[in-house]
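Everything on this sheet refers to the single structure shown next.
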Amino acid sequence: MLDHQDVPVFILCGGLGTRLKEETEHRPKPMVPVGDRPILWHIMRAYSAHGFRRFVLCLGFKGQVIKDYFLNYAALNSDFTVDLKTNDVRVHSVDHDQDWSVTLASTGELNMTGSRVAQAAGRYLGDAENFAVTYGDGLTDVNFGDEFEHHRSHGRIGTVLGVNPPTRFGQLKYEGDQVLKFDEKPELSEDRINAGFFFFRREFVEYLSTDPDCVLERQPLIRLAEDGQLEMFRHDGFWACMDTQRDREYLDGLWSGGKAPWKPAR
């Protein structure tokens, strides 16, 4: 089995987060907290629980906030002493178990998602045969190791996580004006949506462009599907995306209440 720690995980962290404006005025969306940690940390922790420890963060809007967070990660999670005369800092015991390698890649203030991945992969993919891509605002309890092994087994260039989330609105089944059945949060029948967790073979870089207007979800993925090179990995467990303040409060409540499905068992 390929060592998962050799597979880079590219996380898109550069969007403006306009639908979460009350939270993103002074920080990028991936730094909006769920509990006492940024949602970005939760995403990375979920991958690392399955052996993925090499991360490339594709920065844009307010990227310096993310850079500062990781530059000061040891101090933020440990006791430390500052010598005010020399400005030397001595971190005592490091109070965390993250053995991650985190690359902070500036990919343009307003560049689109495909451009960000193309730029970062061009610099940091190295000789990796496969890589992961996701967004800085989604959480799931999928086993990323299983998704990756599925990706390697089918031989196509790309794999996308397909989920069947409940709708936010109650569904009515009716005849005339008589309601026959009321279902508060039904599943979407057999329909599945793009959950935003991908694995690709390195050939996918050829579908991308560093042009600022290259959107991952448009021409690159549409072409990949048309070429018969995109496979779905089905997941019937938890998935949620933090688009609005309501979403943030929902995720925060799950974490604070000890009911977060994405939290690793260890």
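How do the helices (runs of 4 or more DSSP H) wholly within the stretch 1-119 filter down when requiring 3 or more residues that are out of contact with any His (no Cβ under 7 Å at 6 or more places or on another chain) and either modelled with pLDDT of 85 or more or under 27 Å from Glu147 (Cβ atoms) (or both): which remain?
39-48, 63-71
For the stretch 212-245, enumerate the residues that are under 28 Å from Leu20 (Cβ atoms), part of a loop (DSSP other than H, G, I, E, B) and of a type in the set (S, T, N, Q).
Thr244, the sole residue that qualifies.
When the residues of the stretch 119-151 are narrowed to those that are hydrophobic (A, V, I, L, M, F, W, C) and under 17 Å from Asn194 (Cβ atoms), which ends up surrounded by the most Cβ atoms within 10 Å (Cβ to Cβ)?
So the residue we want is Val133.
Do we find a residue being among the aromatic types (Phe, Trp, Tyr) and without any contact (Cβ under 8 Å) to a residue 24 or more places away in the chain anywhere in the stretch 75-82?
For the stretch 75-82, residues among the aromatic types (Phe, Trp, Tyr) and without any contact (Cβ under 8 Å) to a residue 24 or more places away in the chain: present.
So which residues in the stretch 120-146 are more than 30 Å from Lys259 (Cβ to Cβ) and assigned to a loop (DSSP other than H, G, I, E, B)?
Correct list: Leu125, Gly126, Asp127, Ala128, Glu129.
The values are calculated or read from the model by the stated rules, or taken from the named source; none is laboratory data. Predicted model, so just to flag it, every value in this text is computed and none were measured. For neighbour counting, all protein chains shown are included, and Cβ atoms are generated from backbone atoms with ideal geometry for every residue, glycine included.
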